[in-house]
Amino acid sequence: MKKLSGVSVSPGIVIGKHFLYRGNELQDIPRYAIVKTQIDSEWRRFLTAVLAAAADVRDLYDKAVREMSKEKAAIFEAHLMMLEDTEFQGQIKDRLFADQENIEWIVWDITRGITAKMLTSPDAYFRERAVDIADISRRLMHKLLGIKDFSLADLDEDIILVAHDLLPSEVLAMNKDRVKGIAMDMGGQTSHTAILARAFGIPAVLGLSTITKEVNAGDILALDGSAGQVIINPTKASLLRHEDALKLWRRNRNKLLAAVELPAETRDARRVSLKANIGLPEEAATVLRYGAEGIGLYRSEFLFLTSGQAAEEEQQYQAYSTVLKAMGNKPVTIRTLDVGGDKVSPNAQPPSDDKNPLLGWRAIRMCLALPDLFKTQLRAILRASVYGNVKIMFPMISGIEELEQALAIVEEAKAECRQKKQRFARKIEVGTMIEIPSAALSADILARKSDFFSIGTNDLLQYTLAVDRGNEKVSYLAQPFHPAVLRLLKQTIDAAHERGIKAAMCGELAGTPFAAPVLLGLGLDEFSMTASSIPQVKQVIRGVTFEDCRALAEKALANTSYKQTETLVKAWMAEHNGV
Ligand code: PEP
Ligand code: MG
C-alpha cells in the first residue's frame, strides 16, 4: 500500500482498477542529422507512413459513410487528397535533400509551419482547414514514431483514469460512464480538468506529481476526492474506512440537497443570487436540481474544444437555444469564446507560436483579431436570445479599448441579424469579466460601458500573483486572501456599485464555502459555481448576518498577510456555529 497526496478538486470516493493514459501528445520530436546515403531510406520511410496513414483514413471514410452520410465523410476524402498531394510531398523531399535531417523532424517542422500560417489567415476557410493539416501531421508522425492512436472515448470498462495531464477536450471526449475517478500528476484547483471533473461529478485528485510513475499494471486504487488522497493497493482495513467515508459523504449530501428551494439569504435578509457554471449544453438540465437560480457562466469554448475547430453558427445556435430553453426564464450568461492559453485542443496545433500562451493570443484578443469568428458566435447568441433571458460577457478584457471594440462588433452582429430578418431579444445585457489585474484596477472606467461585472478569480489570481493555474508546484501561492487580491476584489465590487451595476463572481472562489462570508461582506451580489457546490455555499450564507460579514471583510482588508486572514476566517467560522 502507498499513499499519495494531491489537490482535492472534485469530491467523492471511488475504489477500483486504474487505466494509465499516455495521450496522443507528441513530445520531444527527435531531430538529428543524417548522411547522404540515408536520404533514400528516410524518403522510403516517409512513403510507407503515407501509405499506412492513407489506409487508416480510407477506413475512417468508409465508417463515416456507413454511420453518418457521404457529405459528412467528405472531410476524410479531403485528408486523403492532402496526404497524397504532390506539392506537399515535393516540399518534404526538397527539405530532406537540402537539410539532411531525419524525416520525422522535417514532416513535423513543415506541417506546423503550414498550420501556423493557415491559423492566422484572414480567410475563415483556411483557418478552419488548419485543423485538418494538424490532424494529418499527427497521423503521419504517429506512423513514423510507431505510436498507436487511442481515444478516451473508446474506454469500455470502469476505471480510475491516471494521466500526467489532460486537455479539456480530452476530458470532454472521454467516455464519462466508464471514468469513475481521475488522478493526475499535474493540475490544480482551478485547472480546466478540475472544473470539468466537478461538472461531471467525477471524483478527482490532481497535482499528485508522480502518480503516473508510481502505478503498475494491475494496481487497485482507492481515490478520495474530498481528502485529496490516492492509495495504491489499499489494505483491507483501509478499504473498509473508505467505504464508511463514502456512506457518510452521501448522507451529508442528501441533507444539503433538501434545502434547494430555500433562498440564498442571510439572517438579516441580505439576498444574493447563486448560479451555476456550465461547459456543455447538456449540463443545463441538471443544475436546477442543486437550486441554481440561473447560469452565471456558460463556457462556450467547450463547443470548439472537442472537435478542435470553429463550431458553425447553426451548431452554436442549437447549443445556446438548448441551454436557454432548459433554464426557462432564468438568466443565462454566455461567455464569448475563450480559447488559447490552457484551453487548447489536441486536434489543433496551438493557435500561434506564442512563447507564453497564458499571456498570449487568447480569448477576446483572438476574437477581436478574427471578427468573422466572433460575429458568428454573437449572431448565434442573438438568434437564441428569443428562447429565454440571455446575457453576454467578454473574457480577458484588459482595458476599455477592447471592451469598446467588442461592443461595436455586437452592434454589427445585431445589424446583420436585422438585415436577415432574424429576431433577437430587445434588451440583452453585456458584461465584462474582471480577470486581469488591469481590468480590476480600472473597474470604474469599465463599469461605464458594462451592464454587469463577473470576476474570474481563477485568472485574476493567476495574473495577480504570477501563478500558473495548472502548475501544482506553485499552487500554494494562489491565495485568494492575499491582501492584493482582496483589494482588487473590493475595488471591483465598489466600482460596480458606484455605477449601479451588479458584481458577480464566476471563478472557483465563488463556490468555496470558506470564502463565502468574506465575499458577502465585500458586497458580492452573485456567486456562480459548479452546481454541486451551491447547497453548501447556501448553507453558509443562510447561517450568517450581512452585518457580521461586513465587519469580517473589513478586518480581512486590514490584514497584512493571507495567513492572518485565514486564521481570522477560521476563528470566525467556529464562532458562528461552524457555518
Ligand atoms: C476565471 O478565470 O475565473 C474564469 C471563470 O474563467 P476560466 O476558468 O474559464 O478561465
Ligand atoms: Mg478565465
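Points worth noting:
- Here the Debye sum runs over all C-alpha atoms of the range 60-126 as equal scatterers in vacuum, and log10 of I(q)/I(0) at q = 0.15, 0.16, 0.29 Å⁻¹ comes out as -0.66, -0.73, -1.14.
- Overall Cα dimensions of the range 113-267 - principal axes, largest extent first, Å: 56, 48, 27
- Across q = 0.14, 0.18, 0.23 Å⁻¹, the range 1-98 modelled as identical point scatterers on its alpha-carbon atoms has Debye log10 I(q)/I(0) values of -0.80, -0.98, -1.30, in the order of the q list.
- With the simple model of a label 7 Å out from the Cα in the direction of the Cβ, A78 to V386 spans 3.0 nm.
- 5 Å-binned pair-distance histogram of the range 331-480 (Cα, whole percent): 2, 9, 18, 20, 19, 15, 10, 5, 2, 1, 0
- Gyration tensor (alpha-carbon) shape descriptor, the range 388-465, a/c threshold 1.5: prolate
- Hits among lysines - C-alpha to C-alpha of K563 under 23 Å, sequence gap 8 or more where chains match: K473, K490, K555
- Cα-derived Rg to Rh of the range 197-305, Kirkwood definition: 1.07
- In the range 517-579, the convex hull through the Cα atoms has an average projected area of 4.4 nm², a quarter of its surface area.
- Calculated [222 nm] ellipticity per residue, helices only, for the chain: -15000 deg cm²/dmol; basis is -39500 (n - 2.57) per DSSP H run with n ≥ 4, divided by all residues, nearest 500.
- Computed over the range 250-340, the percent of Cα pairs more than 19 Å apart is 48.
- Averaging the sequence gap over all C-alpha pairs within less than 8 Å and six or more residues apart, then dividing by the number of residues, gives the range 443-579 a relative contact order of 25 percent.
- The label-point distance for K555 and S226, in a model that sets each label 7 Å from Cα toward Cβ, rounds to 2.8 nm.
- Normalised by residue count, the range 451-535 yields a Cα convex hull volume of 98 Å³ per residue.
- Semi-axis lengths, Å, the range 171-234, gyration tensor of Cα atoms, sqrt of 5 times eigenvalues: 19, 14, 11
- Cα-Cα P(r), the range 438-579, percent of pairs per 10 Å interval: 12, 42, 38, 8, 0
- Considering every alpha-carbon pair of the range 17-63, the percent of pairs per 10 Å bin, from zero through the bin containing the longest distance, is 19, 28, 34, 17, 3, 0.
- Peptides 356-364, 560-568, 489-497 ordered by packing proxy, namely the average of other Cβ atoms within 10 Å per residue, highest first: 489-497, 356-364, 560-568.
- Relative frequency of Cα-Cα separations exceeding 49 Å in the chain, percent: 13
- For peptides 236-247, 77-88, sequence by mean Cβ density within 10 Å, most packed first: 77-88, 236-247
- Against the chain, whose longest principal axis comes from its Cα atoms, helix 371-384 is set at around 50 degrees.
- When the range 403-518 is reduced to its Cα atoms, the Kirkwood hydrodynamic radius in Å: 15.6
- Beta bridges per DSSP with both ends in the chain, % antiparallel, nearest 5: 30
- 3J(HN,Hα) along the range 498-509: 4, 9, x, 10, 7, 10, 10, 9, 10, x, 4, 4 Hz, from the Karplus curve 6.51 cos²θ - 1.76 cosθ + 1.60 with θ = phi - 60°, whole Hz, x for Gly and Pro.
- Kirkwood Rh in Å, taken over the range 104-155 so that all alpha-carbon pairs contribute: 12.0
Readers should treat all values here as calculations from the given coordinates under stated rules, not as data from a laboratory. Fair warning: this is a prediction, and the values are worked out from it, not measured in the lab. Note that we place each Cβ from the backbone using ideal geometry, even for glycine, and neighbour counts take in every protein chain shown.
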